[in-house]
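Asks: Sending over a structure as structure tokens; questions will come in a sec.
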Amino acid sequence: MTSETVVELSEVTKRFGSVQAVAGVSASIPAGRLIGLVGPDGAGKTTLMRIMAGLILPASGRAVVVGHDSADDNESLADDIGYMPQQFGLYEDLTVQENLQLYADLRGVARKKQAETFATLLRLTRLAKFTGRLAGRLSGGMKQKLGLACALMARPKLLLLDEPSVGVDPVSRQDLWAMVEDLLKGGMAVVWATSYLDEAERCSSVFLLSEGKVLYSGAPKKLTDRLEGRSFLLRGIVTQRRKLLADLMEQTFISDAVVHGESIRVVLHEGRSPEELGKLATSLGGKIEAVPPRFEDAFIDLLGGSSSRRSRIAEKMPEVTGSETNIIACDHLTKKFGNFTATDNVSFAVGRGEIFGLLGPNGAGKSTTFKMLCGLLSITEGSATVGGHELLNASKKAKLSLGYMAQKFSLYGLLSVKQNLDFFAGVYGLSGKVKKERIAEVIDAFSLGPFLNSDPAKLSLGYRQRLALACAIMHRPPVLFLDEPTSGVDPITRREFWSHINGFVSKGMTVMVTTHFMEEAEYCDRIGLMYAAKIIALDTPDALKKGAQQGPEEPTMEEAFIHLIKQQEEQQI
Amino acid sequence: MKTFLTPALRAQVVKEFLSIMRDKKTRLIIIIPPLVQLFVFAYAVTLEVNNISIAVYNKDNGSQAGRFIAQLSRASFIKEMRSVYSESALREEINMRHSILAVVFPADFSRKIDGGGQGKLLLISDGRRANSAQVAAGYIQEIAGKFAQVLHPEIKVPDPTVVRHWFNENLTYQWYVVPGLSGIISLLITFILTALSIARERELGTFDQLLVSPCSSWEIILAKMTPSIVIGMALANAIIAAAVFIFHVPLLGSFVLLEIGLLIFTIAIASMGLVVSALAATQQQAVLGSFAVIVPIILCSGFATPIANMPQILQYIAQGIPLTHYIIIAEGLFMKAMPAFIVWQHIGAMAVIALVCLLVSTSVVRKTLQ
Amino acid sequence: MNIIRLMALMRKESLQIVRDPAAIAIAFVLPVLLLILFSTAISLDIKQIPIALVQKSTSTRAASLAAAFTGTKYFKVTVVRNKKVVVDPLIANEINGFVEIPGDFDQKLASGDIDGLIHIVTDASQPNTAAFVSNYARMVVSTWVASHVSGLAASPVAITSRVWFNPDVESKNFLVPGAIGIVMTMIGTLLTALVIAREWERGSMEALLSTPARSAEILVGKMLPYFILGLITTLFAAGLAQWVFNVPMRGSWFALLSLSAAFLLPALAQGLLISTLAKNQFIASVLALLSAFLPAFLLSGFLFEIDSMPTVIQWFTALLAVKYYIIGLQTVFIAGDVWSLFLPNIGFMLLIGAVMMFLAKLKTPTRLE
């Protein structure tokens, strides 16, 4: 049974205009396996998924999926596959139950079996309480899970999941995995496209795509093993670890380095000995510790190492000065929507030059808190100030102190890249020579030069994020708000993104960030963990991890997150 | 001026323009439909009646019916005369809409006239097209009135009336339609563009981005109205040019006053559009909302039918519609050389409407901003 | 065609209709609004048109003619003595024309020299109204002359006018049925076009296409609920027309529903076609307004006589399903069941619908490109 081949791709190609999205991919996917599809943005993951789903015809080559040649008959092909697109087409004006019912009928689930199927899916997704709620009223993670439930409705031979866990909190992510593992037991083949590499590690084999070509295929472990002996944790450096990170990245022997709580995680270039790193560590008063490599290390290494360097834009920024200490402050902040309390008595303060992360499961009230701080929502009780001002009715001057990057891509799709830059520079009051200089600066720093006349929507996700960041910081705000800034972004772009943020912070900028991505949480100075509208923990990443430690090994941030949430849930019962 | 047009405001105005004009499809949609409308309206939309078919049921054996029919056949508004020979054929002719009107000559038609009496002619009109049929009946009435002259060319039959059509001697329909159209088309485009502007930002998620930026609500309102007003005025002027150069409508009044009227008119319309936009959650709602406002505006503006014909309450409502006033100004300045003091009364009325709409839209937009 | 899938799609669509305030507004509020407007605002019946009467003679005979003018329902007459005071109101649109009774009215009448006795001046910047004013004013004068001036030969031809189906010539009797045609165009074409364009915009089309649902099922599943909604609205609007606006309903409800059903096919197919071409709500809405609403309004014969339009436009109207529908509606309401007219019209509508459906099916992608 398991030896049966479900997908057979031979020399599949596809181009869109001048972009070669898929350049000669051959692959064979057996039944009963979980296959990861990874690669940087624009590598062709989604196009390949759509080709397998029969939604796009390859320009050349053949795609045989569950015995159907996709070129001949994509309608009967659809009978045998399940596909969950990146933006799953839930009907927002239908309830959870009605969405399930629709897809059950469309996928030919027999009426008699439906009740049982729904019960299982609702249990796995923890949506049982919400069956009567309109899908449009669910939080992002709940929608994602409902989308998956709809895609999983029937038991197709092949299930294609395109970035199913973007924007999903760690707890829900566990639910997703549980659902998928359950399916694999039934002999289904699952293709999971993702830019979260810890997910790729759990696949039985991965295809690593870059620029439409397969760079690596096989078990993730085999790729990770190549990095044996090259990953280290640089411990014991208390101050200036962000500045140090930038210095490290300039060392020729280092392939990759990221902030990891109070430590820095370093990957050496192939063939370099750890001695150099050891010396460096000693000179800084710290020490190095060998750690097992991760798939992410191997991924970055295979793609030529991290390309991020010092942030040129941050270097040009003047030091942010001022006397006030609590730049961002919430004081007994509460928001009620009718009977529902979205944010309940939240208090915290963020100092100058600090990165503060707001974490929590979907629907915990992060966005609401965030929006009240930015002045996008009115406050029911308490206060939320940025630079001493409540922003809802603030003066122009107060609003000028804020840079904001929204969760959803929210630049003007109808304007070109250059026109967007012009607009945001102008709206923040820049004009004349200063405006020209600042625009030239960000174009240079974010390498936007070749795309100035393109539509933002046609850029890859990574470039869109760069553009959004560029638009948010041209007026050099002392405070920057980032709402899930790197959701779905590949590790290389994420590193580059954070190299800029690190640069800004070392100049005294204050950053507030919400994220679902635990790696990103490690970059923060302090984390506030929200659950059910309240802050249930507020500390440094390392302290949070320590607090959640149960065995001899230090837990990952994700494990700590899940532990804290579970603890809270138990207390409530 | 320098302090008024801040960089922030200028950036927003530029952004709004680009949002409309940068996309090729949108550009085409703003330019082509008005052109189509101009020609369809100018040529097809007429309450004149010509090229019609009429049925003739002649039961008379004498010569007078034949003479009358010969007169009819010379009439330019008739395209075809279809003879029928029975009541049932006549009924079928009207039922099937082959003829809009039937002329029935009774058997004694000639005998009566020859005997110095009156021949009784029966006109039967199709009530489904009662309006055109009535006009055609009027024409036939006129032919009948002149029939005495045909019978006795030697006697001069006096006509007690002289009709003078002032301002538009030949009753050229296009002279009326095209100037009015400059108002209708700028209304359509200005309204829909403004109505979509906030709704689109809300649907695409850019509105939050705008709200956190240091733009004041009046800047947002001004920026959103400017492009629609400019584009609406540009289209209206294109039609005014077409009126002068293609349709040769005499422009006797002040062009400057016409432009001032147009400006106030488009400002009023843009503020109405903004109210719809601020209330609509999606672009679909904005489109349907605009539709629900635009159709009654056009119908009640007096463009299609005289306001005097409407029930009293609608006549009051019509006074509150900017289009009503604009059409009076446009027609007046084109054909009637309307004096400035009358024009200013209507501009004043539109300014009051614009002010009210602007206040409403500012407060509605402000509310949505919070 | 799989019945379970089809039913699922239809149920989904119906739930969406019921929950979409815009759909409900179009189906039930728009008819009310349009019916009110067309039965009141748009009236082609001329009455109470404001004119001035410049009565320069104060004789009893002049007063008698003036009374003839003030007595008619067609005009609202302001009597003045001086011609100068009527020019400004004429320019200011306060009156649509004036009639001048000369100072030597009695003398002229007595001498029998009545040619050109009464001057009628209209504001021809509004040619329609001007034509009405001149026609009715002449009629008033000639009627008065015929009965008050002796010695004139009676006209050799007397005309009796009869208007079938609509003896009182009330324009609402044919405008209200026409307005129903416009509402149905909105439901069939605009609403459908917007709804499908929205599925493309929101990405739910991609999910639908990847399910086993066939494109034919998706099309039918979309169309049937709107078809039913359309028929419900027909009944609702026809009920309003008959019982609220007092438009006679001389034909049968069966004929009415048959016509509406036949019209919904091309209207829905046009909506489908537009949405598959546009895939974007703004463009879809403009295309729908341009290709469905405006023709329904202007070119269907509803307000303006098709025969009087230029030949090219007349040919074009032959392709408009709404033209056949509005003719059918006006007939079924005020003329009755004329099946010899309905059947060919239904045939044309179905034919146009079949062609549009074919095009829509051809253009409906089963893939994303």
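The values are calculated or read from the model by the stated rules, or taken from the named source; none is laboratory data. Please read these numbers as outputs of a predicted model, since none were measured by experiment. Positions of Cβ are backbone-derived with ideal geometry, glycine not excepted, and every protein chain shown enters the neighbour counts. Side chains are part of the model used for accessible areas, which takes the heavy atoms of the whole protein and leaves out ligands, DNA and RNA. Shrake-Rupley method; radii C 1.70, N 1.55, O 1.52, S 1.80 Å.
Asks: Condition (residue is without any contact (Cβ under 8 Å) to a residue 24 or more places away in the chain, acidic (Asp, Glu) and either surrounded by fewer than 24 Cβ atoms within 10 Å (Cβ to Cβ) or part of a helix (DSSP H, G or I) (or both)) applied to the stretch C:166-188: is it met by at least one residue?
Replies: yes
Asks: Of the residues A:Gly141, A:Gly132, A:Gly82, which is surrounded by 22 or more Cβ atoms within 10 Å (Cβ to Cβ) and touching a Ser or Thr at 6+ places or on another chain (Cβ under 6 Å)?
Replies: A:Gly141
Asks: Would you tally the residues in the stretch B:8-52 being closer than 30 Å to B:Gly138 by Cβ, within 7 Å of another protein chain (Cβ to nearest Cβ) and at pLDDT 85 or above?
Replies: 2
Asks: Could you please tell me which pairs satisfy a Cβ distance under 7 Å, a separation of 6+ or placement on different chains, a first residue in the stretch C:285-312 that is among the acidic types (Asp, Glu), and a second residue that is at pLDDT below 85?
Replies: C:Glu305/B:Val49
Asks: Restricting to the stretch B:216-233, what's the tally of residues that are within 14 Å of chain A (Cβ to nearest Cβ) and either surrounded by fewer than 22 Cβ atoms within 10 Å (Cβ to Cβ) or of a type in the set (Phe, Trp, Tyr) (or both)?
Replies: 5
Asks: Please determine, by comparing only the residues of the stretch A:243-278 that are within 22 Å of the chain's Cα centre (by Cα) and acidic (Asp, Glu), which one is least open to solvent (accessible area, probe 1.4 Å).
Replies: A:Asp256
Asks: Do you know which residues across the stretch C:318-340 are in contact with a Pro (Cβ under 9 Å, 6 or more places away or on another chain), β-branched (Val, Ile, Thr) and either outside any helix (DSSP H, G or I) or at the interface with chain B (Cβ under 9 Å from one of its Cβ atoms) (or both)?
Replies: If the condition is that a residue be in contact with a Pro (Cβ under 9 Å, 6 or more places away or on another chain), β-branched (Val, Ile, Thr) and either outside any helix (DSSP H, G or I) or at the interface with chain B (Cβ under 9 Å from one of its Cβ atoms) (or both), then C:Thr331, C:Ile334 are the ones that fit.
Asks: Exactly one of (1) at pLDDT 85 or above; (2) in contact with a strand residue (DSSP E or B) (Cβ under 8 Å, 6 or more places away or on another chain); (3) open to solvent by 10 Å² or more (accessible area, probe 1.4 Å) is unmet by C:Pro156. Its number?
Replies: For C:Pro156, the failing item is (1).
Asks: Something else about it: Give me the strands (runs of 3 or more DSSP E) completely within the stretch A:213-306, filtered to those with at least 1 residues that are at pLDDT below 80 and either assigned by TED's automatic domain parsing to the domain that holds A:Leu9 or closer than 21 Å to A:Ala200 by Cβ (or both), ordered by residue number.
Replies: In the stretch A:213-306, there are no strands (runs of 3 or more DSSP E) which contain 1 or more residues that are at pLDDT below 80 and either assigned by TED's automatic domain parsing to the domain that holds A:Leu9 or closer than 21 Å to A:Ala200 by Cβ (or both).
Asks: Here is a follow-up. Give C:Ile3, C:Ile101 a once-over and let me know the one that is in contact (Cβ under 8 Å) with a residue 12 or more places away in the chain and of a type in the set (Val, Ile, Thr).
Replies: The match here is C:Ile101.
Asks: Something else: If only one of A:Ile29, A:Ile56, A:Ile35 is at pLDDT 85 or above, hydrophobic (A, V, I, L, M, F, W, C), more than 17 Å from A:Ser217 (Cβ to Cβ) and outside any helix (DSSP H, G or I), which one is it?
Replies: None of the others qualify; the one that does is A:Ile56.
Asks: Still on this structure, please answer the following. Looking only at the stretch B:286-298, count every residue that is within 7 Å of another protein chain (Cβ to nearest Cβ) and either in contact with a His (Cβ under 8 Å, 6 or more places away or on another chain) or surrounded by 21 or more Cβ atoms within 10 Å (Cβ to Cβ) (or both) and tell me the total.
Replies: Selection size over the stretch B:286-298: 2.
Asks: Could I ask something else about it? Could you list, in sequence order, the residues of the stretch A:396-448 that are more than 7 Å from chain B (Cβ to nearest Cβ), β-branched (Val, Ile, Thr) and free of Cβ contacts under 8 Å to residues at least 12 places away in the same chain?
Replies: The one that is more than 7 Å from chain B (Cβ to nearest Cβ), β-branched (Val, Ile, Thr) and free of Cβ contacts under 8 Å to residues at least 12 places away in the same chain: A:Val434.
Asks: Ok, one more. Determine whether C:Phe227 is touching a residue at least 12 places away in the same chain (Cβ under 8 Å), open to solvent by 10 Å² or more (accessible area, probe 1.4 Å), hydrophobic (A, V, I, L, M, F, W, C) and under 30 Å from B:Ala195 (Cα atoms).
Replies: Spelling it out, C:Phe227 is indeed touching a residue at least 12 places away in the same chain (Cβ under 8 Å), open to solvent by 10 Å² or more (accessible area, probe 1.4 Å), hydrophobic (A, V, I, L, M, F, W, C) and under 30 Å from B:Ala195 (Cα atoms).
Asks: For residues in the stretch A:419-454 being among the polar types (S, T, N, Q) and farther than 16 Å from B:Ser19 by Cα, which is surrounded by the fewest Cβ atoms within 10 Å (Cβ to Cβ)?
Replies: The qualifying residue surrounded by the fewest Cβ atoms within 10 Å (Cβ to Cβ) is A:Ser447.
Asks: Failed condition for A:Ser395, given (1) buried (at least 19 other Cβ atoms within 10 Å of the Cβ); (2) in contact with a strand residue (DSSP E or B) (Cβ under 9 Å, 6 or more places away or on another chain), with all others met?
Replies: (1)
Asks: A follow-up question, please. Is it true that some residue in the stretch B:251-258 is of a type in the set (A, V, I, L, M) and touching a Phe, Trp or Tyr at 6+ places or on another chain (Cβ under 6 Å)?
Replies: Checked against the condition, which is being of a type in the set (A, V, I, L, M) and touching a Phe, Trp or Tyr at 6+ places or on another chain (Cβ under 6 Å), the stretch B:251-258 yields at least one hit.
Asks: Tell me, which residue of the stretch A:87-97 that is at the interface with another protein chain (Cβ under 8 Å from one of its Cβ atoms) and surrounded by fewer than 20 Cβ atoms within 10 Å (Cβ to Cβ) is farthest from A:Leu184 (Cα to Cα)?
Replies: A:Asp93
Asks: While we're here: Does the stretch A:455-481 hold any residues that are more than 12 Å from chain B (Cβ to nearest Cβ), open to solvent by 20 Å² or more (accessible area, probe 1.4 Å) and either in contact with a helix residue (DSSP H, G or I) (Cβ under 9 Å, 6 or more places away or on another chain) or acidic (Asp, Glu) (or both), and which are they?
Replies: Those that are more than 12 Å from chain B (Cβ to nearest Cβ), open to solvent by 20 Å² or more (accessible area, probe 1.4 Å) and either in contact with a helix residue (DSSP H, G or I) (Cβ under 9 Å, 6 or more places away or on another chain) or acidic (Asp, Glu) (or both): A:Lys458, A:Ser460, A:Leu461, A:Tyr463, A:Arg464, A:Gln465, A:Arg466, A:Arg476.
Asks: Another question, then. Residue check, A:Leu529 against (1) under 26 Å from B:Pro214 (Cβ atoms); (2) of a type in the set (A, V, I, L, M); (3) open to solvent by less than 20 Å² (accessible area, probe 1.4 Å), all met but one. Which one?
Replies: It fails just one condition, (1).
Asks: Can you report the number of residues in the stretch B:341-367 which are open to solvent by less than 50 Å² (accessible area, probe 1.4 Å) and within 14 Å of another protein chain (Cβ to nearest Cβ)?
Replies: 6
Asks: OK, next. Any residue at all in the stretch C:32-40 that's more than 9 Å from chain B (Cβ to nearest Cβ) and not β-branched (Val, Ile, Thr)?
Replies: There is at least one residue in the stretch C:32-40 that is more than 9 Å from chain B (Cβ to nearest Cβ) and not β-branched (Val, Ile, Thr).
Asks: Looking only at the stretch B:252-264, which residues are open to solvent by 50 Å² or more (accessible area, probe 1.4 Å) and closer than 25 Å to B:Pro33 by Cβ?
Replies: Answer for the stretch B:252-264, where residues must be open to solvent by 50 Å² or more (accessible area, probe 1.4 Å) and closer than 25 Å to B:Pro33 by Cβ: just B:Leu263.
Asks: Is there a residue in the stretch B:237-244 that is of a type in the set (S, T, N, Q), open to solvent by 40 Å² or more (accessible area, probe 1.4 Å) and out of contact with any Pro (no Cβ under 7 Å at 6 or more places or on another chain)?
Replies: yes
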